[in-house]
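Engineer: My questions all concern the structure below.
The values are calculated or read from the model by the stated rules, or taken from the named source; none is laboratory data. Because the structure is predicted, anything quoted here is derived from the model rather than measured. For neighbour counting, all protein chains shown are included, and Cβ atoms are generated from backbone atoms with ideal geometry for every residue, glycine included. Side chains are part of the model used for accessible areas, which takes the heavy atoms of the whole protein and leaves out ligands, DNA and RNA. Shrake-Rupley method; radii C 1.70, N 1.55, O 1.52, S 1.80 Å.
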Amino acid sequence: MGMTIAEKILSKKVGRKVEAGDLIVCDVDLVMAHDGTAPLAIEQLKSLGVDDVFDPSKIVLVIDHTAPSPSSNISNIHKMMREFARRTSCHFRDIGYGICHQILIEEFVKPWTVVAGADSHTCTHGGLGAFAAGFGSTDITVMMAYGKTWLRVPESIKVEVSGELEWPVTAKDVILHVIGELGSDGATYMAMEFTGECIRKMSVDARFTLTNMAVEAGAKTGLCPVDEKTLEFLKRRDGVTYERLEPDKDAEYADELLVDAGKLEPLVAVPDRVDNVKSVSEVEGLEVDQVFIGTCTNGRYEDLLMAAKILKGRKVHEGVRLIIQPASRRVYLEALNSGLIEIFLKAGAVINPPGCGPCVGRHLGILGDGERCLSTQNRNFKGRMGNPNSEIYLASPVVAAATAIKGEITDPRNLGE
Amino acid sequence: MRIKGRAWKFGDDINTDLIIAGKYKYDTLDMKELAKHAFEAIRPGFSDAVKPGDIIVAGKNFGSGSSREQAPLVIKALGIGAVVAKSFARIFYRNAINIGLPVITCEKAYDAVTEGDELEIDVEKGIIKNLTSGQTLGFRPLPEFMIRILKEGGIVNYLKKYGGFEIAAER
C-alpha cells in the first residue's frame with residue numbers, strides 16, 4: 001500500500017516502513033523553544049541532572065513572545081535563556097530577529113526532517129515538507145538531552161484544494177474554511193496533508209498560512225508536498241536542490257476534504273472559536289477598535305504586500321489603532337526597502353518590532369474592556385490578546401486592511417475608491 | 001494508582017488560554033503562584049475552592065490550543081488528582097503524562113457525573129466509581145509505559161530512575 005507524506009518522512013527517519021498507528025522512537029533534526037517555553041525546559045533539564053545538550057547545532061532558542069521585555073521578571077527569565085544558550089553554544093536568536101517559526105523557515109528547516117518545537121504552531125514547517133509538531137517543555141527537555149522522541153505515526157486527512165484563489169480571497173480564507181468544516185478537534189492526532197491544483201500554484205509563503213493553522217483543528221502537523229516551488233525557495237536559501245516529496249497515489253487517508261478555492265469568499269472566524277467561521281458579509285459593519293496585521297500566520301512579506309495594496313493612499317479610520325508587525329527582521333527590511341513601511345506609516349499604522357506582539361496578550365497592543373479587534377493571527381480564544389473582556393475576530397491581511405480603513409469589518413470588495 | 005476526590009465539571013473545548021491565560025505565563029516559573037489564576041476567566045475563585053485530590057470532569061477536546069506546559073502544571077499545582085474528559089488535545093495529553101498528571105479518556109463520564117460527586121478512579125484497571133451515585137464506568141487503561149511514567153511522577157523522574165530513553169517508549 002502507498003504512503004502519505006507523514007508516513008514517508010517517518011519511514012525514512014527510522015529506516016523501515018512504518019504506517020499510521022505505529023509507535024516509533026525517532027531522532028529529531030531540529031529542536032526549538034521560545035521565551036514562553038524554553039525557561040521551563042531549561043529548569044527541567046536541571047531536574048534531569050543533564051548539563052549539556054545532545055547537539056547544540058540542532059537546537060534553536062528564540063526570544064519572540066515577549067520581545068523586547070515588558071517587565072523585570074521577564075527580563076530575568078530572558079537573561080537565564082541567554083546564559084543557557086551561551087553555555088551550551090546552541091543557536092540563539094535574541095529580541096528583534098522575529099517569530100521563532102519565521103526564523104526556522106528563513107534559516108533552518110529542511111524537507112524530509114523531523115522538527116520539534118515547544119510551540120503549538122510548529123506545524124507551520126510542514127509547508128517545507130518537514131514532519132513538524134508542537135510539544136510541551138518537558139518533551140523538549142528530553143529531546144535536548146537525548147536528541148530523540150517517541151511518536152505515534154499519525155493518520156492523515158487529505159485536504160485537496162482545487163481551483164484558483166481570486167483576489168481578495170487568500171490562503172487564510174482556505175484554512176479558515178477547512179477549520180470551519182473539520183471543527184476544532186476534527187483532525188486531532190492526525191496530519192493534515194494539503195494537495196491539489198491550488199496548492200501547486202500557491203507561493204511557499206501562502207502555504208505556511210495553511211500549515212500554521214492545522215493545529216486549530218487539533219492536527220499534529222500540516223504538510224505540503226515538496227515541489228517546484230519549494231525547491232526554488234530552498235535553492236535560494238541554501239543553494240542546494242533537495243529531494244522532492246509527494247504522497248503515493250494509493251496512500252490511505254482517514255478522511256478527505258475537497259475545497260474549490262474559486263468558490264470561496266473572504267471569511268472571518270468570530271469569538272471565541274477558530275471553527276466559528278462566517279463569510280465576511282455576515283459580520284460586515286461591526287465596528288472595531290484595533291486591527292492587527294502580523295504573526296506566524298500572516299506576518300510574512302507577501303501578507304504585508306496584500307495589506308499595502310489596500311492601504312496605499314488611504315488613511316486608517318479615526319479611532320482605530322492599526323498595528324502592523326513584520327514576522328522577522330528580514331521581512332521588515334524587505335518591506336522597508338520596497339516602500340511598504342512608508343505606505344503603512346502614511347496610512348497611520350503603528351509598526352511593532354518583529355515578534356509575536358499582541359497575539360500572545362502580554363504586550364504591544366493589549367485590548368481594553370469591551371474592545372473588539374480584527375486580527376490576522378490564528379487564535380481568537382477568550383483572553384488571548386490579554387483581556388477576557390474583549391473580542392477577537394480572525395481574517396486575512398486583505399480583510400484586516402479594509403477593516404482598518406472603514407473602522408468596521410469590511411469586505412474588501414466594498415471598499416470603493 | 002487510585003485517585004479519590006470531588007468532581008468539578010467543565011464543558012467542551014477548554015483551551016489552554018482558559019486553563020491559564022498567556023498573559024501570566026511569561027512572568028514566573030513558580031507554578032503555585034501561577035495556579036492562583038487557573039481557570040479564572042471562566043470560573044473565578046476556582047483555585048481557592050479546589051481541594052487536593054479533586055478531579056476535573058470535562059467534555060471534548062480538553063486542553064486545545066497552545067503547547068504551554070503551564071496548563072497541566074497549574075492543574076497539578078492545585079492538587080487536582082486527575083482530569084477525565086471525553087477527549088483531549090494532543091499536546092496537552094502528552095504534557096500531562098510527562099509531568100505526572102493522570103489524564104483519563106472516558107466518553108461516558110461527563111453525563112454520568114454531577115458537579116460535587118465523589119469519584120474514585122483506578123488508573124490501571126480502567127474503572128471510575130461514582131461513589132455518590134453508585135455507578136461504575138469503565139475506560140480503556142493507558143498504555144503500560146504511560147502508567148509507569150505517571151507512577152514516577154513524570155518523565156523526568158522516570159528517566160532518572162531508568163536511565164534511558166528507549167526504555168520509556170519501547171518497554
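Engineer: How high is the FRET efficiency from residue A:305 to residue B:118, r the C-beta distance, R0 56 Å, rounded to 0.05? Spell out each step's value before the answer.
Structural biologist: Details: r = 60 Å, r/R0 = 1.07.
Rounded to the nearest 0.05, the efficiency is 0.40.
Engineer: Same structure, new question: What FRET efficiency would be calculated for the residue pair residue A:107, residue A:51, taking the C-beta separation as r and a Förster radius of 30 Å, to the nearest 0.05? Mind dumping the intermediate values first?
Structural biologist: Numbers: r = 27 Å, r/R0 = 0.88.
The computed FRET efficiency comes out at 0.70.
Engineer: Over the C-alpha atoms of the stretch A:124-211, what are the Rg and the largest Cα-to-Cα span, Dmax, in Å?
Structural biologist: In Å, with Rg to one decimal and Dmax whole: 15.2, 48.
Engineer: Turning to a different aspect of this structure: Over the Cα atoms of the stretch A:154-264, Rg to Rh with Kirkwood Rh, two decimal places?
Structural biologist: Details: Rg = 13.7 Å, Rh = 14.2 Å.
Computed over Cα atoms, the ratio is 0.96.
Engineer: I've got another one for you. Taking the simple approach of a point 7 Å from Cα along Cα-to-Cβ for both residue A:22 and residue A:43, what is their distance in nm?
Structural biologist: The two pseudo-label positions are separated by 3.8 nm.
Engineer: In debye to the nearest 20, how big a dipole does chain A give about its Cα centre with +1 on each Lys and Arg Cβ and -1 on each Asp and Glu Cβ?
Structural biologist: Values: 46 positive and 58 negative charges, 250 e Å.
I would put it at about 1200 debye.
Engineer: Also, quick follow-up: For the protein assembly as shown, with the dipole built from +1 on Lys and Arg beta-carbon atoms and -1 on Asp and Glu ones, taken about the Cα centre, which of A:136, A:368, B:28 lies farthest toward the positive end?
Structural biologist: B:28
Engineer: So what is the relative contact order for chain A, in percent, with contacts set as C-alpha pairs under 8 Å and at least six apart? Display every interim value, and only then the final one.
Structural biologist: Numbers: 1054 pairs, mean separation 72.7, N = 417.
It comes to 17 percent, rounded to a whole number.
Engineer: In the protein assembly as shown, how does Rg compare with the Kirkwood Rh, expressed as the Rg/Rh ratio over alpha carbon atoms?
Structural biologist: Result: Rg/Rh = 0.95.
Engineer: Let me ask you something else. For the stretch B:48-82 and the stretch A:365-404, write down the distance between their C-alpha centroids in whole Å.
Structural biologist: Taking the Cα centre of each part, the stretch B:48-82 and the stretch A:365-404 sit 27 Å apart.
Engineer: In this model, which of A:172/A:263; A:148/A:201; A:148/B:86; B:76/B:129 are farther than 24 Å apart at the alpha-carbon?
Structural biologist: On the way: A:172/A:263 14 Å; A:148/A:201 35 Å; A:148/B:86 30 Å; B:76/B:129 22 Å.
Long pairs (Cα-Cα over 24 Å): A:148/A:201; A:148/B:86.
Engineer: Follow-up question, since we're still on this one. Using a 1.4 angstrom probe, figure out how much accessible area chain A has per residue, in square angstrom, rounded to the nearest whole.
Structural biologist: Details: 14220 Å² over 417 residues.
It amounts to 34 Å² per residue over chain A.
Engineer: Among A:165, A:262, A:190, whose Cα sits farthest toward the positive end of the charge dipole of the stretch A:154-264 (+1 at Cβ of Lys/Arg, -1 at Cβ of Asp/Glu, about the Cα centre)?
Structural biologist: The one lying farthest along the dipole's positive direction is A:165.
Engineer: For the stretch A:1-157, what is the relative contact order in percent, using Cα pairs closer than 8 Å and at least 6 residues apart in sequence?
Structural biologist: Working: 296 pairs, mean separation 56.3, N = 157.
About 36 percent, as a whole number.
Engineer: I'd like the interface area for chains A and B: accessible area of each alone minus the complex, both sides summed, 1.4 Å probe, protein heavy atoms only. What is it in Å² to the nearest 100?
Structural biologist: Summing both sides, the interface buries roughly 4000 Å².
Engineer: Select from A:202, A:219, A:92 the residue farthest towards the positive end of the dipole of the protein assembly as shown; place +1 on Cβ of Lys and Arg, -1 on Cβ of Asp and Glu, and compute about the Cα centre.
Structural biologist: Of A:202, A:219, A:92, it is A:92.
Engineer: Give the long-range amide H neighbours of residue A:28: residues separated by 5 or more places, or on another chain, with amide H under 5 Å away, using H modelled in the peptide plane at 1.01 Å from N.
Structural biologist: A:148, A:149
Engineer: Taking θ = phi - 60°, what integer Hz values does the Karplus form 6.51 cos²θ - 1.76 cosθ + 1.60 yield along the stretch A:306-323, in sequence order, with x for Gly and Pro?
Structural biologist: Those phi angles translate into 4, 5, 5, 4, 7, 7, 4, x, 10, 10, 5, 4, 4, x, 10, 9, 9, 10 Hz.
Engineer: Let me know the whole percent of all Cα-Cα pairs from the stretch A:230-335 that are separated by more than 22 Å.
Structural biologist: Working: 3194 of 5565 pairs.
The proportion of pairs with Cα distances above 22 Å equals 57 percent.
Engineer: What is the pair-distance distribution P(r) of the stretch B:2-162, computed from all Cα-Cα distances in 10 Å bins starting at 0, with each bin given as a whole percent?
Structural biologist: 11, 43, 36, 9, 0
Engineer: How far is it, in nm, from the label point at residue A:336 to the one at residue A:265 when both lie 7 Å from their Cα along the line to the Cβ?
Structural biologist: Between residue A:336 and residue A:265, the label points sit 4.1 nm apart.
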